[in-house]
1. With 30 Å as the limit, write out which pairs from LYS161/LYS185; LYS154/LYS185; LYS161/LYS333; LYS185/LYS338; LYS40/LYS92; LYS154/LYS333 have Cα-Cα distances beyond it, or answer none.
2. Length gain on complete extension for the stretch ASP192 to GLN211, per 0.36 nm per residue less the alpha carbon to alpha carbon distance?
3. What longest range of the chain stays clear of loop-exposed chymotrypsin sites (Phe, Trp or Tyr not before Pro) (DSSP non-H/G/I/E/B, at most 16 other C-beta within 10 angstrom)?
4. Over the C-alpha atoms of the range 87-162, what are the Rg and the largest Cα-to-Cα span, Dmax, in Å?
5. For the charge dipole of the chain, defined by +1 on Lys and Arg C-beta atoms and -1 on Asp and Glu C-beta atoms about the Cα centroid, which residue among PHE85, SER107, VAL213 has the Cα displaced farthest towards the positive pole?
6. So what's the Cα pair-distance distribution over the chain, bin width 10 Å, in %?
7. Under a crude label model (7 Å from the Cα following the beta-carbon direction), how far is ALA34 from LEU271 in nanometres?
8. From the helices alone, meaning DSSP H stretches of at least four residues, give me the mean residue ellipticity at 222 nm for the chain, per-run term -39500 (n - 2.57), in deg cm²/dmol to the nearest 500.
Amino acid sequence: MTTDLPLFEQGRHLLSVSQFDRENLRTLFDLADAVDPIAKREAVCTVLDGAMLCSLFFEPSTRTRLSFESAFQRLGGEVTTTTGFTFSSMAKGESIADTSRVVSGYSDVLVVRHPDEGSVARFAAAAMVPVINAGDGAGEHPSQALLDVYTLGKELAARGKEVDGCRIAILGDLKYGRTVHSLMKLMSLHDDVTFTLFSPPGLRLPLEVEQYVTARRHTVQVMDTVVDAVRGADVIYATRVQRERMTDEMSQADARGDLLNWSMLAEADNLGAILMHPLPRDSRPDAYDLSGDVDDLPGLAIFHQTDNGVNVRMAIFLTALGVSLEAVRLTSKQRPWKATLRP
Ligand code: NCD
């Protein structure tokens, strides 16, 4: 993904986290804060009345697709969607360019997930409306990184800390994990971050990402064990092994058991760390992922991430479509209905 894309603002595609600087990142996060009553369903909003989102997901997704769609609908817009190649005309050999041109004639914004790196940029090149990258192969996943850094900032603030100067352990599939690539790049907008990395053999972080981060004067330490990586970390970000992206020569045999569990955290004397994961967590036996035995720990933030995803994706749509906060306020009202909400 090129780094010379224009900053993310009205009428622009969102393809990479490289479209952010500290200032437009802060603006996006302020918007995400401001729409919190709508995200929490305390207020209803119709600011996107008449607008149509088309979501095109050519890879599996639960939270990314549903939270983008939920965000758009919470703002009063409508959604049309297609999932998988089987039910789209790509199964008949239609090109990305033709599909994108056609679909952008039906909608005001596209959200696209596709298995090939760089493919969402090809959608954007042919589209007449803003295109949001919801994951392009092992490339990037900018909206996930945005909600991760948004959440991280809040979790650290609750402990009197900031992203500047924090220490984060990133574990798991650092090679194919696009959320890791986007997260590390977006965090490097901050100052003096220490990344301690652990991955199974063959799944090391691409050099390009490491160089991106070190060129911005952050520290990257590659550790031999999970316990070493998480010792002293303010935040631990665990990831799933992206088995669907692996070729035959990749060793999967080394990735068994738990990637991270309660005893490893206890051994590292770090049971209080903030625990993050982009999800889905692979909960099948021997899946080599974050164990469920950490779920009662006080730092578990994985569902804060998913909840915050709606706020951040609302902010992305408001920015792409040039909607002011004033327009949001004028079209919002207290909800007239009652729902059972989480505390
Ligand atoms: C991630 C993805 O699709 O890259 N999931 C997500 O969008 N939250 C991570 C993964 O699939 O492991």
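The values are calculated or read from the model by the stated rules, or taken from the named source; none is laboratory data. Bear in mind the structure is a predicted one, so any value in this text is a computation, not a measurement. Positions of Cβ are generated from backbone atoms using ideal geometry, with glycine treated the same way; all protein chains shown enter the neighbour counts. Side chains included, ligands, DNA and RNA excluded: accessible areas come from the protein's heavy atoms. Shrake-Rupley method; radii C 1.70, N 1.55, O 1.52, S 1.80 Å.
1. LYS161/LYS333; LYS185/LYS338; LYS40/LYS92
2. Result: 5.4 nm gained on full extension.
3. Values: sites that count: PHE85, PHE87, TYR106, TRP337.
That would be 107-336.
4. 16.3, 55
5. Farthest towards the positive end: SER107.
6. 5, 26, 34, 25, 10, 1
7. My value for the distance between the label points is 4.3 nm.
8. Using -39500 (n - 2.57) per qualifying helix, the result is -10000 deg cm²/dmol.
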